[in-house]
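Asks: Please read through the structure below; I'll follow up with questions.
The numbers here are math on the coordinates, done by the rules we state, and not lab data. None of these values were measured; they are calculated from a predicted model. When we count neighbours, we look across all protein chains shown, and the Cβ atoms used for this are built from the backbone with ideal geometry, even at glycine.
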Amino acid sequence: MGLRCNPIIPWLITLVLVIYTTVLALMVGEGLLIISSILPILWYTLGLRNPLFFVYSTEIVGKNLVGMSFVKHGFDSYRDLLIENDRLYLFKNGRKIKITSKFFYHPEDWKAMVETIRDCQL
């Protein structure tokens, strides 16, 4: 199950990039800066539509914007996972590890993940 990025985050990043590029272009006076900034803006906007976080039956995998895995947490069963205060925790070796929080992900994806985890814990 994949979690897509919260739709607000790409728009905020895009807005910051547009403002930064416009100010820089006005300071330098080059129209080429605006044209060259379109590629990173599109990359952030379109790249953040792909799932960035996956919950599998035995591991949790976080991915970067290029799609490569950068964080993996293994667990034995869904009973090792806890959802509390809109955050996902993992119990591992007697410790409670915060994995992620609801704010970063699409609300529908988060709700589906919570339902799946709770159904599998029964």
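Asks: Out of residues 5 or more away from His106 or on other chains, whose amide H comes under 5 Å of its own, with H placed 1.01 Å from N in the peptide plane?
Replies: Result for His106 returns Arg4, Cys5, Asn6.
Asks: Another question, then. Give the aspartates and glutamates whose C-alpha is closer than 20 Å to that of Lys98, dropping any in the same chain fewer than 8 places away, or say none.
Replies: Glu59, Asp76, Asp80, Glu84, Asp86, Asp109, Glu115
Asks: Give me the one-decimal nm value for the distance between modelled label points at Lys72 and Trp11, 7 Å along each residue's Cα-to-Cβ direction.
Replies: 3.6
Asks: Which lysines have a Cα lying under 17 Å from the Cα of Lys96, excluding residues fewer than 8 positions away in the same chain?
Replies: Lys72
Asks: Could you derive backbone 3J(HN,Hα) for region 2-18 from the dihedral phi with the Karplus parameters 6.51, -1.76 and 1.60 (θ = phi - 60°), listing whole Hz in sequence and x where the residue is Gly or Pro?
Replies: x, 10, 7, 5, 4, x, 6, 5, x, 5, 5, 5, 4, 4, 4, 5, 5
Asks: Show me, for region 70-82, the HN-Hα J-couplings you get by feeding each phi into the Karplus relation (A = 6.51, B = -1.76, C = 1.60, θ = phi - 60°), rounded to Hz, glycine and proline as x.
Replies: 10, 9, 10, 10, x, 8, 7, 8, 5, 5, 7, 9, 9
Asks: Assuming R0 = 41 Å, can you tell me the calculated FRET efficiency for the pair Lys92 and Tyr20, based on Cβ-Cβ distance, to the nearest 0.05?
Replies: My answer for the efficiency is 0.55.
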